[in-house]
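Everything below concerns the one structure shown next.
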Amino acid sequence: MSALELLRQVSQLVFTPKCFDNYFIDFNLADVECFKSTLSKGLGLGLILGSILVKLPQILKIVKNKSGQGISLIGVSLELVAIMIYMSYNYVNSFPFNSWGDTFFVGVQTLIIAALVLSYSGKVVEGLVYVIVVLSGCYVLMSGITPMNLLRTLTSVNISLVVGSKLTQAYTNYMNGHTGQLSAVTLILLLAGSVARVFTSIQETGDNIAIATYVASSTVNALLVGQLIYYWNAVQPANKSKSE
């Protein structure tokens, strides 16, 4: 295999074959469609790589403080359901992993957060059962057992779950008067990622449901970041858990 062919294969993570030839064979750098396609694939790859660690600061903060104080389990659970449905919809439709792969890694980390919240609340067995139920739900949705029509219907109402999960957390923050164990780094990265996904969804899938989901996600993520800034200097009550 020539060096050019090897480069061509590796570059397909970011460039389509047509765009690779445009840029590196014909040196045509003014192709607008190739620019949008390359930008979309680059953002998608970057989001997938970033998503591997996006909620790690949140997980580490919970473990360090041995507390899930201020984190709404209801909100986390709604987010997990939304992730499961959206991930399954994309997988079954064979959409490019580049356009939704970050959802998988965010989902794994969200499940870890839920298990930790339950564990630090003294509910270790419940946490184990919670994990089993979520994994079983993923199998049912992604294995072909669930009819496509039902999956499409679930996805169409997924926006309500996305918004509801974040609004539940926002309400918890409001009632507590602080953002508890929420990680600033994680919230900001989630906002940036959801905004970027609006563009990649338009470019990679053109699916109105996927686009609307990320628009809604960006809006409510912005609300949580706004609360983070507003409550930045708020003092958390010691030894008081309001995890739900």
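The values are calculated or read from the model by the stated rules, or taken from the named source; none is laboratory data. All values derive from a computational prediction rather than experimental measurement. Ideal geometry is used to build each Cβ from the backbone, glycine not excepted, and the neighbour counts take in all protein chains shown. The protein model used for the area step is the full one, side chains on, heavy atoms only, and it has no ligands, DNA or RNA in it. Shrake-Rupley method; radii C 1.70, N 1.55, O 1.52, S 1.80 Å.
Residue-level analysis places Gly122 among those that are of a type outside the set (S, T, N, Q) and in a loop (DSSP other than H, G, I, E, B). Residues in the stretch 81-100 that are in a helix (DSSP H, G or I) and under 16 Å from Ser156 (Cα atoms): Val81, Ala82, Ile83, Met84, Ile85, Tyr86, Met87, Ser88, Tyr89, Asn90, Tyr91, Val92.
This table checks each residue for (1) under 22 Å from the mean Cα position of the chain (by Cα); (2) under 15 Å from Leu189 (Cα atoms); (3) at pLDDT 85 or above; (4) open to solvent by less than 40 Å² (accessible area, probe 1.4 Å).
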residue	(1), (2), (3), (4)
Gln203	yes, no, no, no
Leu224	yes, yes, yes, yes
Trp232	no, no, yes, no
Gln236	no, no, no, no
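Of all residues in the stretch 141-150 being among the hydrophobic types (A, V, I, L, M, F, W, C) and surrounded by fewer than 19 Cβ atoms within 10 Å (Cβ to Cβ), which is modelled with the lowest pLDDT? Once the filter is applied, the top-ranked residue is Met148. Taken over the stretch 156-180, the criterion of being in a loop (DSSP other than H, G, I, E, B) and either open to solvent by less than 10 Å² (accessible area, probe 1.4 Å) or outside the structural domain of Ala210 (by the TED database) (or both) is satisfied by His178, Gly180. Filtering the stretch 185-201 to residues that are free of Cβ contacts under 8 Å to residues at least 60 places away in the same chain and either in contact with a helix residue (DSSP H, G or I) (Cβ under 7 Å, 6 or more places away or on another chain) or in the same structural domain as Asn65 (by the TED database) (or both) leaves Leu187, Ile188, Leu191, Ser194, Val195, Val198. Scanning the stretch 104-129 for residues being touching a residue at least 24 places away in the same chain (Cβ under 8 Å) and open to solvent by less than 50 Å² (accessible area, probe 1.4 Å) gives a total of 10. So in the stretch 134-148, with the set limited to residues that are over 14 Å from Ile85 (Cβ atoms) and assigned to a helix (DSSP H, G or I), which one is nearest to the chain's Cα centre (by Cα)? Restricting to residues being over 14 Å from Ile85 (Cβ atoms) and assigned to a helix (DSSP H, G or I), the top hit is Leu135. Considering the stretch 34-65, the residues that are open to solvent by less than 60 Å² (accessible area, probe 1.4 Å) and of a type in the set (Lys, Arg) include one that is nearest to Ser119 (Cα to Cα), namely Lys55. Ile59 meets all of the listed conditions (1) at pLDDT 90 or above; (2) of a type in the set (A, V, I, L, M, F, W, C); (3) more than 18 Å from the chain's Cα centre (by Cα) but one, namely (3).
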